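Participant: Dropping a structure here in structure tokens format, bear with me for questions.
The values are calculated or read from the model by the stated rules, or taken from the named source; none is laboratory data. Quick caveat, the model's predicted, so the values are computed rather than measured. Glycine gets a Cβ as well: all are built from the backbone with ideal geometry, and neighbour counts include every protein chain shown. All accessible areas refer to the heavy atoms of the entire protein, side chains included, with ligands and DNA or RNA removed. Shrake-Rupley method; radii C 1.70, N 1.55, O 1.52, S 1.80 Å.
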Amino acid sequence: MEVESVMVTGANRGIGLELVKQLVQLPKPPKYVFATFRDDSTIQDLKNIKDSSKESQVILVKMDITKIEDIQNARKIIEDSVGEKGLNLLINNAGAVKWQGFPDITEDNMLFHFSTNTIGPLMIVKEMLPLLQKSAANKTDGLSVSRSAILNISSTAGSMATLSPASPLGTEYLKIMGYRVSKAALNMTMKVVALTMTQESGILLVNMCPGWVKTDMGTDRAMLEVWDSVSDIIKTLPTLNESHHGTFLDRHGKTIPY
């Protein structure tokens, strides 16, 4: 996979941190990796990657995805580095989960998940769109990650078609109601964005489930190590093209029903 610049949100831990780590270790790594975080006390691992990276310039960007002014400041930082080349790849990874199910679910819980998992990623896409358009304008050969792309990290937990008592996560995981609903909303939100932003825009948009991963969010009960999940994602990204625009995929590129 050859990309000039990548933005990874929620890069201080879990899948986001591993994405940054594996991106800078590519045979031809990105020139710039913009890694966002929310809390200064959580970035030592990112700093270690930044200090050890020889070919990629890892730029740490403090950004709360629920705050518009933070997103705007992040765009300015990225724009100052990439200039007219624009932003190659946006990976909307940041997300959150709080356990609460029906009938205990509260308005605050639902709003928390919508703000973080649905509205935040949308506002980031909106703000970074001019930079993605600049990158897309530099090439004319169809849709690809190497031209200009948006990858939204979603979850099969947001798939209504696959939700049943017999699903792998079982009825216990109905207790992440706010998370499930917000991911379903993310899938629809980005489907609308993809259909509005037609293939002529030159920007590929894909939603992807990384699998059930052993992270703080996924818990130790998860089935996948974070290295394996991210390795599969990075292997799949270069295979994506026009046929994948607006789709919801697993980490291997297989379509997931909404």
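Participant: Considering only protein heavy atoms, what is the solvent-accessible area of K126 at a probe of 1.4 Å, reported in Å² to the nearest 10?
Facilitator: Surface open to solvent at K126 totals about 140 Å².
Participant: Sorted by accessible area (1.4 Å probe), largest first, how do I119, I59 line up?
Facilitator: The most accessible residue leads, giving I119, I59.
Participant: If you take every DSSP beta bridge whose two residues both sit in the chain, what share of them, in percent to the nearest 5, is antiparallel?
Facilitator: The answer is about 5 percent antiparallel.
Participant: Give the shape of the stretch 17-93 as rounded, prolate or oblate, defined through the alpha-carbon gyration tensor: a ≥ b ≥ c are the square roots of its eigenvalues, a/c under 1.5 means rounded, and otherwise the shape is prolate if a/b is larger than b/c and oblate if not.
Facilitator: Cα axes put the stretch 17-93 in the oblate bin.
Participant: A follow-up question, please. Rounding to the nearest 20 debye, state how big the charge dipole of the chain is about its Cα centre with +1 on each Lys and Arg Cβ and -1 on each Asp and Glu Cβ.
Facilitator: About 260 debye.
Participant: State, to one decimal in nm², a quarter of the convex hull surface area for the C-alpha atoms of the stretch 39-191, i.e. the direction-averaged projected area.
Facilitator: Approximately 11.5 nm², given one-decimal rounding.
Participant: Separate question: To the nearest 10 square angstrom, how much accessible area does H245 have with a 1.4 angstrom probe?
Facilitator: Per-residue accessible area (H245): approximately 30 Å².
Participant: Could you give the Stokes-Einstein D for the stretch 68-119 in µm² per second, using the C-alpha Kirkwood radius, 25 °C, 0.890 mPa s?
Facilitator: 180
Participant: Order of 1-10, 187-196 by packing, highest average Cβ count within 10 Å first?
Facilitator: 1-10, 187-196
Participant: Here is a follow-up. Per residue, how many Å² of accessible area does the stretch 1-94 show with a 1.4 Å probe?
Facilitator: 47
Participant: Ignoring solvent entirely, what values of log10 I(q)/I(0) come out of the Debye formula for the chain at 0.08, 0.09 Å⁻¹ when each Cα is a single scatterer?
Facilitator: These q points yield log10 I(q)/I(0) values of -0.28, -0.36.
Participant: Please give the solvent-accessible surface of W227 in Å², to the nearest 10, using a probe radius of 1.4 Å with every protein chain present.
Facilitator: W227 exposes around 140 Å² with every protein chain in place.
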